[in-house]
Amino acid sequence: MAKINKIKIIPIKIPLNEPFIISKGPLTEATITVVQIYCDEGLYGIGECCPYRTIHGETQEGTVAAAQNIARLILGLDVTRIRRIVQIMDQSLAGNASIKGAFDMALYDLNAKLVGLPLYQYLNGDPDKRIETDMTVSLMDSDKMVEKAIQYKEEGFPVLKIKLGQRPSVKDVDRMKAIRQATGSDYPLRIDANQGWNLTQATSALKEMEHLSIEHCEAPIYSQNLIHLKTLRDRSPIPIMGDESVFTHKDAFQVTALECIDLINIKLGKSGGICHAMKIASIAEAQDMDCQVGSFSESRLGITALVHFSMAWDHIKYFDMDSPLMHTEDPVIGGMQYHSDWSITVEDEPGIGADYDPDFLKRFDSITLTG
Ligand SMILES: [Mg+2]
């Protein structure tokens, strides 16, 4: 037994190179809450989350407040009891997926360190799995999006994810026709409307884009309207991926049982961490459904945890792991590396194998709870 004896909460900010724009609005900096969980074995685990107020309804201030509540509940507990601690978090606080995800990530990091295994091995992952990231094009005027798409193709990204979701959706169709023409007929493209369309707009847009060879469409309409989502899926020539519709494993059960989607986008910041993300992956695997993994605006630390998680599941086939590339600064030591072909690998260090540069963290106020 290893007892949790200290928890440190550090809210940090990393400016973005340029605004990241989705249908819900722009983001100019990554507001990340870092959690360190220490145990009496002298080790600590680290996790992080990046709450998106327009998607989670969580703010950085809120995550810091919730983190202190959670910390008081779990100090003194056996760190190896991950499922029990996750249960305590869920019972004491509904929602708040992102901050719960940061705690869960730190717990998995610490437990893998305690047994001396890289996290992917702790999760029975495949060390040879090939992972390569897409790159995201923000929602802007068509000309600017075409320019970015060409730039990213020239930089060697194997696939692009295009942000859409503006009404009328005919504008989005024009954007995609222009991007397809500029990037050539074979270049893989996927799209994400971030719930921006309604059923009528989405139906016509997806039908009009039928011949543009689009891999899949994330979050075409309001995430909770499962009736319309099912109708849309039945009508759409392009596979529908649930993103905002699938936060938890319970959502995953519901939307797949109702046959609303073809694919799931799993994010540790939506599921509440790895413990529940494993359940989402299982639900998808049981019905032979492929998954994507993605993030909010996490650093290489959170993305490294996501890489380890992805290595544990063969049917996770799409990787949206570009968020650190949008940051002005990379304060993370160790962890996943991008290669020139945008493939991604991790080293065989215990745990996540990544940490923040202590000098970077010193720039920010932290809160420490002990017990
Ligand atoms: Mg999405």
Could you tell me whether segment 338-361 includes any residue that is of a type in the set (Val, Ile, Thr), part of a loop (DSSP other than H, G, I, E, B), more than 27 Å from Val137 (Cβ to Cβ) and modelled with pLDDT of 95 or more?
yes
Screening Tyr52, Tyr108 for residues that are in contact with a helix residue (DSSP H, G or I) (Cβ under 7 Å, 6 or more places away or on another chain), under 26 Å from Pro324 (Cβ atoms) and not β-branched (Val, Ile, Thr) leaves only Tyr108
Which condition does Arg84 not pass, out of (1) touching a residue at least 24 places away in the same chain (Cβ under 8 Å); (2) among the basic types (Lys, Arg); (3) touching a Leu at 6+ places or on another chain (Cβ under 8 Å); (4) surrounded by fewer than 18 Cβ atoms within 10 Å (Cβ to Cβ), if it passes all the others?
(1)
Can you tell me which residue in segment 227-246 is nearest to the ligand (Cβ to nearest atom), limited to those that are crowded, with 24+ Cβ neighbours inside 10 Å and assigned to a loop (DSSP other than H, G, I, E, B)?
Asp243
Hey, among Ile191, Ile261, which residue is under 20 Å from Ser138 (Cα atoms), in contact with a Lys or Arg (Cβ under 8 Å, 6 or more places away or on another chain) and crowded, with 23+ Cβ neighbours inside 10 Å?
Ile191
Among (1) β-branched (Val, Ile, Thr); (2) within 16 Å of the ligand (Cβ to nearest atom); (3) more than 17 Å from Ala219 (Cα to Cα), there is one condition Ile283 misses while meeting the rest; what is its number?
(2)
Going through (1) surrounded by 18 or more Cβ atoms within 10 Å (Cβ to Cβ); (2) of a type in the set (A, V, I, L, M, F, W, C); (3) away from the ligand (no atom under 16 Å from the Cβ) one by one, Met321 fails only at (3)
Single residue of Phe103, Phe157 found to be more than 16 Å from the ligand (Cβ to nearest atom), crowded, with 22+ Cβ neighbours inside 10 Å and outside any helix (DSSP H, G or I):
Phe157
Residues being touching a residue at least 24 places away in the same chain (Cβ under 8 Å) and either more than 24 Å from Phe319 (Cα to Cα) or assigned to a loop (DSSP other than H, G, I, E, B) (or both): count how many of those fall in segment 203-224.
11
Across segment 32-56, which residue is surrounded by the fewest Cβ atoms within 10 Å (Cβ to Cβ) among those that are more than 16 Å from the ligand (Cβ to nearest atom) and without any contact (Cβ under 8 Å) to a residue 60 or more places away in the chain?
Gly42
Hey, can you tell me all the residues within segment 87-97 that are in contact (Cβ under 8 Å) with a residue 24 or more places away in the chain, of a type in the set (A, V, I, L, M) and not in a helix (DSSP H, G or I)?
Leu93
Test: residue in segment 203-224 that is among the aliphatic types (A, V, I, L, M) and surrounded by fewer than 16 Cβ atoms within 10 Å (Cβ to Cβ):
no
Filtering segment 35-84 for residues that are more than 22 Å from the chain's Cα centre (by Cα), within 25 Å of Val307 (Cα to Cα) and in a helix (DSSP H, G or I) leaves a count of 1
If you check Ser310, Ser340, which single one turns out to be hydroxyl-bearing (Ser, Thr, Tyr) and surrounded by fewer than 21 Cβ atoms within 10 Å (Cβ to Cβ)?
Ser340
Is there a residue being assigned to a helix (DSSP H, G or I), more than 21 Å from Phe319 (Cβ to Cβ), at pLDDT 95 or above and within 16 Å of the ligand (Cβ to nearest atom) anywhere in segment 252-268?
yes
When the residues of segment 286-316 are filtered to those that are farther than 20 Å from Gln121 by Cα and part of a strand (DSSP E or B), which remaining residue is farthest from the ligand (Cβ to nearest atom)?
Cys291
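The values are calculated or read from the model by the stated rules, or taken from the named source; none is laboratory data. Everything quoted here is computed from the prediction, not taken from an experiment. Here the Cβ is made from the backbone with ideal geometry for all residues, glycine too, and neighbour counts use every protein chain on show.
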